[in-house]
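Please treat every number below as a calculation from the coordinates, not as lab data. Keep in mind that this is a model prediction, so the values were computed, not measured. Using ideal geometry, Cβ is built from the backbone for each residue, glycine included, and neighbour counts are taken over all protein chains shown.
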Amino acid sequence: MPDPLLPEPLLTVRGLTIDIPVGGGTLHAVRGIDFDVNRGETLCIVGESGSGKSLTSLALMGLLGGRIDRRAARMEFDGIDLTGANKRTMRALRGDRMSMIFQEPMTSLNPAYSIGDQLTEALLLHRDISRDAARARAVELLEKVGITAAASRLGQYPHQLSGGLRQRVMIAMALMCEPELIIADEPTTALDVTIQAQILRLLVELGREMNMAMILITHDLGVVARVADKVAVMYAGELVETGSADEVFNAPMHPYTRGLLRCIPQPGKTERGARLGTIPGIVPSLVGKVSGCPFRTRCDQVVDACRQDVPHRHPGAGEHAFRCVHENGLRAGGEVVT
Amino acid sequence: MLQFILKRLGLALLVALTVSIISFSLLFLSGDPAAAIGGETATDQDIEAIRVLYGFDRPLPVQYWDWLSSALAGDLGESYYFKLPVATLIVDRLQITMLLGVCGITFALLTAVPLGVVAAIRPNSFIDRLALFLSVAGQAMPSFWFGLILIVVFAIQLGWLPPSGTASAAHFVMPTIVLGYYAMPAIMRLTRAGMLDVLSSDYIRTARAKGAPEGRVLFKHALRNAIIPVVSLAAVQMGFMLGGSIVVESIFALHGAGYLAWESIARNDLPTVQALILVFSLFYIIFTFLSDVLNAWLDPRMRAG
Ligand SMILES: Nc1ncnc2c1ncn2[C@@H]1O[C@H](COP(=O)(O)OP(=O)(O)OP(=O)(O)O)[C@@H](O)[C@H]1O
Ligand SMILES: [Mg+2]
């Protein structure tokens, strides 16, 4: 029963599945993932490289390539059905109500156009606004993202800016239309470690200030601990655990989440830049039929039943959910290793 | 940008100067020019008289300076064969060649660029295959053969177009196609490869993420970047077309500069050859300069270099 007092989530995703045709068959890159994002809320998606985080975010934006098959039982943005949306509807949403910051600041700006042209483009496309007003807004946002001499930057070209500056420009660009949802896909991995934290903090602060919902994809669990309202843990194309940051950090249920958090004690106490713990074992191939729990090849709680369908479990009253054959994520007689 | 243009202009002048020296020395590389003018029946005294008459006895730098200043004033010497000033001789011929070259490159660009773009947007589609076929055929078919086929079909059998001459615009249709088709495959393939490359780049995804309509993504964001190498190639092709349209000019009996160059080489008419080489080289330098400027306008990264 949906609670009538709770507002509808801004974004609802149910059963999102992404298949990619590859040489030897079909790559089942993302398989039936569910999550919600409320207005003004920050959802962090964590998971190791190749788990399908970027594909998921591109699927939300409708930016997957033509060969890639995207299906979902339900995918709604503020009541707008994204699964059946035509190109025009998606175009109207993109860059206006939902926008995205990409992993690669060095190559995500068009080398042929000035920063000013690229910053104002979305605004001019979506709003009935004069060129001058758009440029004024661009200067305002460049100042907001901490770029000095903002007005003179408008005439510069991407090759004249450093990686950190380019990513600040990308952030400003994504904020031009004050989107309700911003998707940031590892916005700082390509940058110098010293400015990573700076840029992330800036992004999160601006998000709060503008009351934007944010999906932040990151490897940095320290950041997750500090900024996330909700956490989704992704493994080999599945969301193995979701819940409030508090639930996931303090009462991780899935063996994979536990493995990730092994070295992370508490939200707030985690050191900046702490990386995902390494878990031995190999990730299964997702080409061809995938069945059972994908983590079983690396799991320390593995039993025979892991080959069968894995149930969704809801341990508490809240949104906390995980997928495991074990009721509390532990083999009978097993012990929590922390 | 202005600084870039001035720099390139300086470079172009330097190249032009070098070319002028080379084309000047050409006169002496191919033997004694006085003997060439005198012909086979000339005696030693005749040759000596010619040498003094034409000033070949003076020091080379003086001769070069003399030659260069008169060339700049439009005096390119006198043709050994026609006994006419070379300048008047080549002006008419150049007009024909330039007209043909401009038509040819325009035809090549107008067919190659749209084909390349569509082929890149829809790889493996019918258009892509057609483009590939046309480009392979264009490369496999020698110009003279293609030209003759066109003459047989459209001039002789169908009678739609005149087979040779320069009297009307219709006379230029087949030569334009043959010459343009020669340049088309390379331009088409470069456009296609460039578009494919650019379309998979991150900034195209950024443009789409802003909600830009597809046409804007393709033409404003992608084509502008993909066309940059095509501009340089087209400039080179244009240069080739002016100097190398000899085959086309002879098939269609267009008495252009290419044809004149070929004839003059056969006749040992050095002043004419020299002037043509100079003019062709200057055109080449001008096209390269223009394409550099156009590229710098298209790609801000080049403005610094
Ligand atoms: N266009 C594509 N064609 C084929 N395979 C793809 C394509 N895009 C992604 N994949 C594969 O899908 C899987 C998930 O990719 P995705 O980029 O979503 O991972 P990710 O979680 O974002 O990883 P990272 O942290 O390295 O960015 C990977 O195995 C990747 O190789
Ligand atoms: Mg990624």
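Observations on the model:
- By other beta-carbon atoms within 10 Å, ranking A:H254, B:H171, A:H159 with the fewest at the front produces A:H159, B:H171, A:H254.
- Dipole magnitude for the protein assembly as shown: computed about the Cα centre from +1 point charges on Lys and Arg Cβ and -1 point charges on Asp and Glu Cβ, it is near 1220 debye.
- Dipole moment magnitude, nearest 20 debye, segment A:16-83 about Cα centre, only Lys, Arg, Asp, Glu C-beta charged: 220 debye
- Contact order for chain B, expressed relative to its length and based on alpha carbon pairs under 8 Å spaced 6+ residues apart, stands at 26 percent.
- Cα centroid of segment B:152-212 to Cα centroid of segment B:256-280, whole Å: 30 Å
- Computed from Cα positions, the angle between helix B:257-267 and the longest principal axis of chain B comes to roughly 40 degrees.
- Structure remark: mean-square fluctuation, Gaussian network model of chain A, C-alpha springs under 10 Å; the largest value among A:L125, A:L93, A:L203 belongs to A:L125.
- Sparse-neighbour loop sites [trypsin sites (Lys or Arg not before Pro); segment A:1-86; at most 16 other C-beta within 10 Å; DSSP]: A:R39, A:R67
- Look at the dipole of segment B:2-72 built from charges on Cβ: of B:S69, B:G55, B:G38, the Cα furthest out on the positive end belongs to B:S69.
- Share, in percent, of DSSP beta bridges within the protein assembly as shown that are antiparallel, nearest 5: 60 percent
- Seen from all directions on average, chain B presents a Cα convex hull projection of 20.3 nm².
- A Förster radius of 56 Å combined with the Cβ-Cβ distance from B:A167 to B:D66 puts the calculated FRET efficiency at roughly 0.90.
- In Å, descending, principal axis extents of the Cα set of segment B:215-305: 55, 30, 12
- Highest-fluctuation residue, B:L84, B:L270, B:L148 considered, GNM on chain B with Cα pairs under 10 Å: B:L84
- Along the axis of the charge dipole computed for the protein assembly as shown (Cβ charges of +1 for Lys and Arg, -1 for Asp and Glu, origin at the Cα centre), the listed residues B:F172, B:A304, B:N268 are led at the positive end by B:A304.
- Set of lysines near A:K144 by C-alpha distance (under 22 Å), chain-local residues within fewer than 8 positions excluded: B:K210
- Listing B:L100, B:L27 from fewest to most neighbouring C-beta atoms within 10 Å gives B:L27, B:L100.
- Mean Kyte hydropathy of 0.5 or more with a Cα span along the axis of at least 24 Å, helices from DSSP in chain A: A:193-209
- Dipole in debye (nearest 20) - chain A, about Cα centre, beta carbon charges: Lys, Arg +1; Asp, Glu -1: 660 debye
- Simple rule: put +1 on each Lys or Arg Cβ and -1 on each Asp or Glu Cβ in chain A, find the dipole, and look at A:L141, A:P179, A:S49; the Cα lying farthest toward the positive end is A:S49.
- For segment B:71-185, averaging the sequence separation of C-alpha pairs within contact (under 8 Å, six or more residues apart) and dividing by the residue count gives a relative contact order of 30 percent.
- Computed over the protein assembly as shown, Cα set: Rg, Dmax in Å: 34.9, 121
- Those chymotrypsin sites (Phe, Trp or Tyr not before Pro) in segment B:245-295 that DSSP places in a loop and that have at most 14 other beta carbons within 10 Å: none
- Most fluctuating residue given options A:A228, A:A85, A:A245, as computed from a GNM of chain A linking Cα atoms under 10 Å: A:A85
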